[in-house]
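K.L.:
Got a structure for you, written out below as structure tokens; questions coming shortly.
The values are calculated or read from the model by the stated rules, or taken from the named source; none is laboratory data. Predicted, not measured: the structure shown is a model, and the values here were computed from it. Note: ideal-geometry Cβ built from the backbone for every residue, glycine included; neighbour counts use all protein chains shown. We work out accessible area using only protein heavy atoms, side chains counted, and drop any ligands, DNA or RNA first. Shrake-Rupley method; radii C 1.70, N 1.55, O 1.52, S 1.80 Å.
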2 protein chains.
Amino acid sequence: MSIDHGNIRWNGWGWTAHKDKLAEQDVLWTWLAAELGMPALLATPARPLESVAIAASRLSGAERARLVEILGADRFRDDPFERAFHARGRSYHDLIRLRAGELSVAPDAVLYPRTTEEVQALVAACAEAGIAIVPYGGGTSVVGGVSAIQGRFKSVVTLDMSVMDRIVDIDPQAMTATFEAGIYGPALEKALLAKNLTLGHHPQSFEFSTLGGWIAHRGAGQGSNRYGRAEDWLVAAKLVTPRGVLQTGGFPASATGPRLNDLVLGSEGVFGIITEATVRLHAAPAASEYYGYLFKDFASGIAAIRRAESDGVGATMLRLSDQIETKFYRAFGTLGKNLSFRDRLAQWYLDNRGFDEKACALIAGFEGETTAVADARLQFQVLAKKHGAMALGEAQGQRWKEGRFHGPYLRDPMMDRGVGVDTFETAATWSKLGALHVAVRDALEGAVRETAPRAGGRGIVGCHVSHSYIDGASLYFTCIFPRQLDGELGQWRTIKKAASDAIIKNGGTISHHHGVGEDHLPWLAAEKGSLGIDILRAVKMALDPKGIMNPGKLIPG
Amino acid sequence: MSIDHGNIRWNGWGWTAHKDKLAEQDVLWTWLAAELGMPALLATPARPLESVAIAASRLSGAERARLVEILGADRFRDDPFERAFHARGRSYHDLIRLRAGELSVAPDAVLYPRTTEEVQALVAACAEAGIAIVPYGGGTSVVGGVSAIQGRFKSVVTLDMSVMDRIVDIDPQAMTATFEAGIYGPALEKALLAKNLTLGHHPQSFEFSTLGGWIAHRGAGQGSNRYGRAEDWLVAAKLVTPRGVLQTGGFPASATGPRLNDLVLGSEGVFGIITEATVRLHAAPAASEYYGYLFKDFASGIAAIRRAESDGVGATMLRLSDQIETKFYRAFGTLGKNLSFRDRLAQWYLDNRGFDEKACALIAGFEGETTAVADARLQFQVLAKKHGAMALGEAQGQRWKEGRFHGPYLRDPMMDRGVGVDTFETAATWSKLGALHVAVRDALEGAVRETAPRAGGRGIVGCHVSHSYIDGASLYFTCIFPRQLDGELGQWRTIKKAASDAIIKNGGTISHHHGVGEDHLPWLAAEKGSLGIDILRAVKMALDPKGIMNPGKLIPG
């Protein structure tokens, strides 16, 4: 285990020691209150763990003894910190509950297996005793993927994979590596970079999420244009199911019927526990360059990205913020600063070039072999200019890269001040993207107004294109809103439903990279069809006939 | 239907009118006999259809009437030509049987639906009556994928999709297109090229295979390095199953659990019939350039391809023949010709540069936007030279491109002369590829010697790398051998078993792009595991509980 759980927050994001600099700037909060139509922000601190009651573990003495027998006493945990830490993931509504000390959902014990054989023994013991199992990687799910739901069982344990983080094999000849699934992002990349290799999978949760989690929720890193999504880089997986061990894949490509890797990808723990995985590697990039651009509006930025995909420009990332997100970032960057003469000159220049309040910022990243990076960068530069963009230079891009994992840290200080923030993401083909953007934004703004604690309350709804493909792209919305403290979960459900309904109605997928978990279940059948759900149920029945694996997630009950 | 079945061979490959020029050169056949250790070639012509007996259709009058009621009399066929034409695919052993007039396996009728609704009605009628259904696209399977096996049912019909070949929608904005699944390759590309778009899927069967077939067997075209495999370009599919219509996908990417497209891909007709599919497009390439190279040996050629993948050189195809295939092609190219002074000079030059009998030819293809093609071509050229290769120029590449679909035509004239030919293909990670190549070649050579009709008989076993990936590549073997006329199927089984056992033992997949069908079934559990097979059975049961869909294929009985 490369991270001590004691150093990360049980009811918030990331390192306990992390202090966000932005959070210390009063001017920011004053500005935010005004933007949200709130006369002032509130003080809504989280309850400390010491003051929170947690029910006694429901495991019987015999059950406890059996699990301890398999693991040893040190890797069987049922103290309040471990149970609270593993109660839920890190979604907005998870945090509402955790910060309020609402721990009615919490595992009866947390198990830390060290080997695939131990996982097999634990699964067999739980199947026999009728104990539900929640597989847990980094616990960073924002869709309720690791909520310790007992389902129809009398108790539930969380199986934390973080001790299973060994490097099994790195094969530079084959360009593949095999790891135990509990390895965290930084440890995995460190091992690969030592051999001048990389997986290149960097979701925003990178520091705290695990290889197994990336596969289980079918994730995508920020550089997926180059490095691919989990389904692109997964070569082979080992899945411990109640019916035995499933070993899938192992080939660069195959035509032997349905690829079973694709049932492990996105399985979200409901079929079994991923204990080991082989991944496809890249050479560590000799060059890694990120640049900022400014487009005159969202549509011209989208057109440029679409063209870059169609022309096969080898970008690693093309991330385009819409006008609201662009304005929000600029406000954050300049608040409390006396604008220099140069800054004001730049603003004057922009205004005169037609970059008004509709302007949209884009970060373009290029990684790889030096010549290829230079070629791709130039190709994109020419293309961006053709679409009316202005180059902002490398400093802008570098700043984005340095802060690439910092976003979630802002959520906790907002929640301390009566402000809610949630994210919603989807993907659609290019021809649906414009209407989808408007519809989801409008739905979010409407739902926030409807649920605002007082008249005039409103949200900030920004969006960016985060991942692009030859046939379409993802849209990632961030919605900041004044919390309705009298009925926070109801408010969240209203906002979530508005966004999700708008996504489905406008041809988007209900999740591009967050997963299904509990939160997206109500919309899954609309996307997969009832026969599609039957297929998932059939696979579930074949691998987990008693239904002990991660109840309440992915498969509608 | 863009091809009249009357113009293609019912017991051989391709157009009836096609005359192969090579087949007319006696010097070729004399050379081949000597290479195979045969004193002379034999005359082993195929039986004409008129002389072949085919049993009466086993459909009852009522069953026939019900199917005619759905389709009309003109799209219900049970004449001998239609039944013989659809009896089997076009594998070597299919041809042995068809050429001998062995039609004990043949459909009791051939159905030509025109709409998804008709397919639904046919599936419902057959499920009710207990009639097996064999879905049929172009019928070019070389793994027994369309054999008209009745399984445990009293009769079997073949559902030929070739009338369902409409263009449903081409969306240049989204870069996607939707077609009915029975459309043949040339018709599909013609429709796309008219809008300056392409799918770029060109298997060797391109002229006679269909979109639905490409998806059903999880195929790969010759240019898959650029255009991707079926699993890369399939966006959405409509599958008519006995339990209803499954509509999958529709997004550029998604994280909503297992991707159901991946159960349609490789489903080989056992879950249902693909009636419609949406595919991801590319801009029609502005440049399309193919070049020949000569490497000093197979290993250095493989190293160059591996490096090209690792460096991200944007090649469309890198096809490397081993020394035997290289020699064979050179022999075919020069047989019966008086070598010019220039040819002999070229040979002298090669000999003196270290290109001896171990030399291996590579064809490198580059397609796409003009600048990108120029960049990639140059990148590969530098890399090839670093690996000791000599550039042979564009004429060599162009020749390959012009003959890219001609290979299978040589099989019939060989079979007319007592010579057998079959192909075997696999894929593995780079670190296993060298040993896999040697093992399969040795196994094939051994099995041919063992089954030769007389002492001294031997095979020609050539191989090429046809598709490459960052973590490995495919190997495609062609085995030419003297036929054991007393026991041809036994001989084929011995050869097939030797190759397949060697593939599995050396870490290869049992098929890289041909599929499973009947032929690879015995090795499937070794690759997928018994739990993997259970999963396929569970999905089958969810979609086709009576088991009427394509019995005997993909799923072990």
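K.L.:
Using unit Cβ charges (K, R positive; D, E negative) and no other charged atoms, how large, in debye to the nearest 20, is the dipole of region A:302-453 about its Cα centre?
P.N.:
Details: 21 positive and 20 negative charges, 89 e Å.
Roughly 420 debye, rounded to the nearest 20.
K.L.:
Could you give the dipole magnitude of the protein assembly as shown about its Cα centre, charging the beta-carbon of Lys and Arg +1 and that of Asp and Glu -1, in debye to the nearest 20? Mind showing how you got there, number by number?
P.N.:
Numbers: 122 positive and 122 negative charges, 57 e Å.
For the protein assembly as shown, the charge dipole is close to 280 debye.
K.L.:
Another one. Note every residue of region A:165-194 with a reduction of at least 40 square angstrom in accessible area, all protein chains present versus the isolated chain, computed with a 1.4 Å probe, or write none.
P.N.:
A:Gln173, A:Ala174, A:Met175
K.L.:
For region A:540-557, just list the computed ³J(HN,Hα) in residue order, Karplus coefficients 6.51, -1.76 and 1.60, θ = phi - 60°, integers in Hz, with x standing in for Gly and Pro.
P.N.:
4, 5, 5, 9, 9, x, 7, x, 7, 7, 6, x, x, 10, 6, 9, x, x
K.L.:
Out of all DSSP beta bridges with both ends in the protein assembly as shown, state the antiparallel percent to the nearest 5. Don't skip to the end; give the middle numbers.
P.N.:
Details: 128 of 146 bridges.
Just about 90 percent of them are antiparallel.
K.L.:
Under 23 Å Cα-Cα from A:Lys19, which lysines qualify once same-chain neighbours fewer than 8 residues away are excluded?
P.N.:
A:Lys337, A:Lys401
K.L.:
Taking N as the number of residues in region A:21-101, what is its Cα Rg relative to 2.2 N^0.38 Å?
P.N.:
Ratio of Cα Rg to 2.2 N^0.38 Å: 1.69.
K.L.:
Let me ask you something else. Put a label point 7 Å from Cα along the Cβ direction on A:Gly434, then list its distances to the equivalent points in the other copies in nm, shortest first.
P.N.:
The projected label point of A:Gly434 is separated from its counterparts by 5.6 nm.
K.L.:
For B:Glu128, project a label point 7 Å along Cα to C-beta. Then give me every residue of region B:85-114 with its amide nitrogen under 12 Å of that point.
P.N.:
Correct set: none at all.
K.L.:
If you don't mind, another one. I need the Debye-formula profile for chain A: one equal scatterer per C-alpha, no solvent, reported as log10 I(q)/I(0) at q = 0.09, 0.10, 0.12 1/Å, two decimals.
P.N.:
-0.68, -0.85, -1.24
K.L.:
Still on this model: Of the heavy-atom accessible surface of region A:1-114 (probe 1.4 angstrom), what whole percent is carbon and sulfur?
P.N.:
Numbers: 2890 of 5150 Å².
C and S fraction of accessible area: 56 percent.
K.L.:
Based solely on its DSSP helices, what 222 nm [θ] is calculated for the protein assembly as shown when runs of n ≥ 4 H residues each add -39,500 (n - 2.57) and the sum is averaged over all residues, nearest 500 deg cm²/dmol?
P.N.:
Helices in the protein assembly as shown give a 222 nm mean residue ellipticity of -11500 deg cm²/dmol.
K.L.:
Counting only other chains, and only Cβ atoms inside 10 Å, what mean value do you get across the residues of A:523-533? Don't skip to the answer; put the middle values down first.
P.N.:
On the way: counts 1, 2, 0, 0, 9, 10, 6, 3, 12, 8, 2.
That works out to 5 on average.
K.L.:
Explain nothing, just the number: dipole magnitude of chain B about its Cα centre with +1 on each Lys and Arg Cβ and -1 on each Asp and Glu Cβ, in debye rounded to the nearest 20.
P.N.:
The dipole magnitude comes to about 820 debye.
K.L.:
Let me ask something else about it. Among B:Gln491, B:Ile510, B:Gly532, whose Cα sits farthest toward the positive end of the charge dipole of region B:480-540 (+1 at Cβ of Lys/Arg, -1 at Cβ of Asp/Glu, about the Cα centre)?
P.N.:
It is B:Gly532, whose Cα lies furthest towards the positive end.
K.L.:
Can you give me the Kirkwood hydrodynamic radius for region A:1-63, using every pair of distinct Cα atoms, in Å to one decimal?
P.N.:
Values: mean 1/r = 0.0631 Å⁻¹.
Taking the inverse mean of 1/r over all distinct Cα pairs, region A:1-63 comes out at 15.9 Å.
K.L.:
Considering the dipole of region B:1-78 built from charges on the beta carbon (Lys and Arg +1, Asp and Glu -1) around the Cα centre, which of B:Ala33, B:Leu67, B:His18 is farthest to its positive end?
P.N.:
B:Leu67
K.L.:
If you take the alpha carbon radius of gyration of region A:106-186 and divide it by 2.2 N^0.38 Å, what ratio comes out, to two decimals?
P.N.:
Details: Rg = 14.8 Å, N = 81, 2.2 N^0.38 = 11.7 Å.
Against the empirical 2.2 N^0.38 Å value, I get 1.26 for region A:106-186.
K.L.:
I would also like to ask the following. For region A:408-456, just list the percent of Cα-Cα distances falling in each 5 Å bin from zero outward, please.
P.N.:
4, 16, 20, 18, 19, 12, 8, 3, 0
K.L.:
Could I ask something else about it? Per-residue Cβ counts within 10 Å, from other chains only, averaged over A:367-373: what number is that? Write down the numbers at each step before the final one.
P.N.:
Numbers: counts 0, 2, 5, 0, 5, 7, 1.
Taking all residues of A:367-373 together, the mean is 3.
K.L.:
A further question on this structure: Tell me the angle of helix B:370-386 to the major Cα principal axis of chain B, expressed in degrees between 0 and 90 and rounded to the nearest ten.
P.N.:
Roughly 50 degrees, rounded to the nearest 10.
K.L.:
Can you compute 3J(HN,Hα) from phi for each residue in region A:236-243, using the Karplus curve 6.51 cos²θ - 1.76 cosθ + 1.60 with θ = phi - 60°, rounded to whole Hz and x for Gly and Pro?
P.N.:
7, 9, 10, 10, 8, 10, x, 9
K.L.:
Also, quick follow-up: Quick one: accessible surface of B:Met1, probe radius 1.4 Å, all protein chains present, in square angstrom to the nearest 10.
P.N.:
100
K.L.:
Apply the Debye scattering formula to region B:69-160, with a single equal point scatterer on each alpha-carbon and no solvent, then give log10 I(q)/I(0) at q = 0.20 Å⁻¹.
P.N.:
-0.93
K.L.:
Using a 1.4 Å probe on protein heavy atoms only, how many Å² of accessible area do B and A hide from each other, summed over both chains and rounded to 100? Mind dumping the intermediate values first?
P.N.:
Values: alone 22820 and 22780 Å², together 39710 Å².
Protein heavy atoms only, the B-A interface buries about 5900 Å².
K.L.:
What nm distances, shortest first, do you get from the label point of B:Ala65 to those in the other copies when the point sits 7 angstrom along Cα to Cβ?
P.N.:
Result for B:Ala65, in nm, nearest copy first: 7.3.
K.L.:
Grab the eigenvalues of the alpha-carbon gyration tensor for region B:386-484, scale each by 5, take roots, and send me the semi-axes largest first in whole angstrom.
P.N.:
Taking √(5λ) for each Cα gyration eigenvalue gives 27, 20, 12 Å.
K.L.:
While we're here: Restricting attention to region B:23-100, which trypsin sites (Lys or Arg not before Pro) occupy a DSSP loop and are surrounded by at most 16 other Cβ atoms within 10 Å?
P.N.:
Values: sites: B:Arg58, B:Arg64, B:Arg66, B:Arg75, B:Arg77, B:Arg83, B:Arg88, B:Arg90, B:Arg97, B:Arg99; in loops: B:Arg58, B:Arg88, B:Arg90.
Listed in order of number, the matching sites are B:Arg58.
K.L.:
Now for a separate question. Could you estimate the translational diffusion coefficient of region A:433-519 from the Stokes-Einstein equation, with Rh from the Kirkwood formula over C-alpha pairs, at 10 °C and 1.306 mPa s, in whole µm²/s?
P.N.:
Values: Rh = 13.6 Å.
Stokes-Einstein gives a translational diffusion coefficient of 117 µm²/s.
K.L.:
Below 8 Å, C-alpha to C-alpha, sequence gap of six or more: please give me the relative contact order for region B:84-152 in percent.
P.N.:
Values: 69 pairs, mean separation 36.9, N = 69.
Here the relative contact order equals 53 percent.
K.L.:
Using θ = phi - 60° and the Karplus form 6.51 cos²θ - 1.76 cosθ + 1.60, what ³J(HN,Hα) does each residue of region B:481-491 get, whole Hz, x for Gly and Pro?
P.N.:
Values per residue, Gly and Pro as x: 8, x, 6, 8, 5, 6, x, 5, 5, x, 4 Hz.
K.L.:
Hey, another quick one. Would you kindly calculate the mean projected area, averaged across all directions, of the convex hull enclosing the Cα atoms of the protein assembly as shown, in square nanometres?
P.N.:
On the way: hull surface 181.2 nm².
With every direction weighted equally, the projected area is 45.3 nm².
K.L.:
Just counting partner chain Cβ atoms within 10 Å, what average do the residues of peptide B:307-316 show around their Cβ? Please list the in-between numbers first.
P.N.:
On the way: counts 1, 0, 3, 7, 7, 9, 2, 4, 0, 0.
Across B:307-316, the average partner-chain Cβ count within 10 Å equals 3.
K.L.:
Checking buried surface per residue: for region B:395-436, which residues lose a minimum of 50 Å² accessible area in the protein assembly relative to the chain alone (1.4 Å probe)?
P.N.:
B:Ser431
K.L.:
Also: Could you point to the residue in B:Gly397, B:Val419, B:Ser431 farthest towards the positive end of region B:391-475's charge dipole, with +1 and -1 charges on the Cβ of Lys/Arg and Asp/Glu respectively?
P.N.:
The residue sitting farthest along the positive end of the dipole is B:Val419.
K.L.:
What whole-number volume per residue, in cubic angstrom, does the convex hull of the C-alpha atoms of region B:40-87 give? The partial results should precede the final answer.
P.N.:
Numbers: hull volume 4.6 nm³, N = 48.
It is 96 Å³ per residue.
K.L.:
While we're here: Give me the angle, in degrees from 0 to 90, between the Cα long axis of helix B:341-352 and the longest principal axis of the Cα atoms of chain B, rounded to the nearest 10.
P.N.:
80
K.L.:
Measuring with a 1.4 Å probe in the full set of protein chains, what accessible area per residue, in whole Å², belongs to the protein assembly as shown?
P.N.:
Numbers: 39710 Å² over 1114 residues.
Using a 1.4 Å probe on heavy atoms only, each residue of the protein assembly as shown averages 36 Å².
K.L.:
Now for a separate question. Sorted from shortest, what are the nm distances separating the label point of B:Gly130 from equivalent points in the other copies, each placed 7 Å from Cα along Cα to C-beta?
P.N.:
4.1
K.L.:
On to the next question. Near A:Lys432, which lysines are there with a Cα under 25 Å away, not counting those fewer than 8 places off in the same chain?
P.N.:
Output for A:Lys432: A:Lys296, A:Lys327, A:Lys358, A:Lys385, A:Lys386, A:Lys496, A:Lys497, A:Lys505, A:Lys528, B:Lys195, B:Lys238.
K.L.:
Take the alpha-carbon positions of region A:314-470, form their convex hull, and give its projected area averaged over all directions (one quarter of the hull surface) in nm². Mind dumping the intermediate values first?
P.N.:
Numbers: hull surface 47.0 nm².
For region A:314-470, the mean projected area of the Cα convex hull comes to 11.7 nm².
K.L.:
Right, something else. Per residue, how big is the convex hull around the C-alpha atoms of region A:468-557? Give it to me in cubic angstrom, could you?
P.N.:
On the way: hull volume 11.8 nm³, N = 90.
It comes to 131 Å³ per residue, whole-number rounded.
K.L.:
Using a 1.4 Å probe on the protein chains only, how many percent of the accessible area of region A:439-557 belongs to carbon and sulfur?
P.N.:
Values: 2020 of 3760 Å².
The value for region A:439-557 is 54 percent carbon and sulfur by accessible area.
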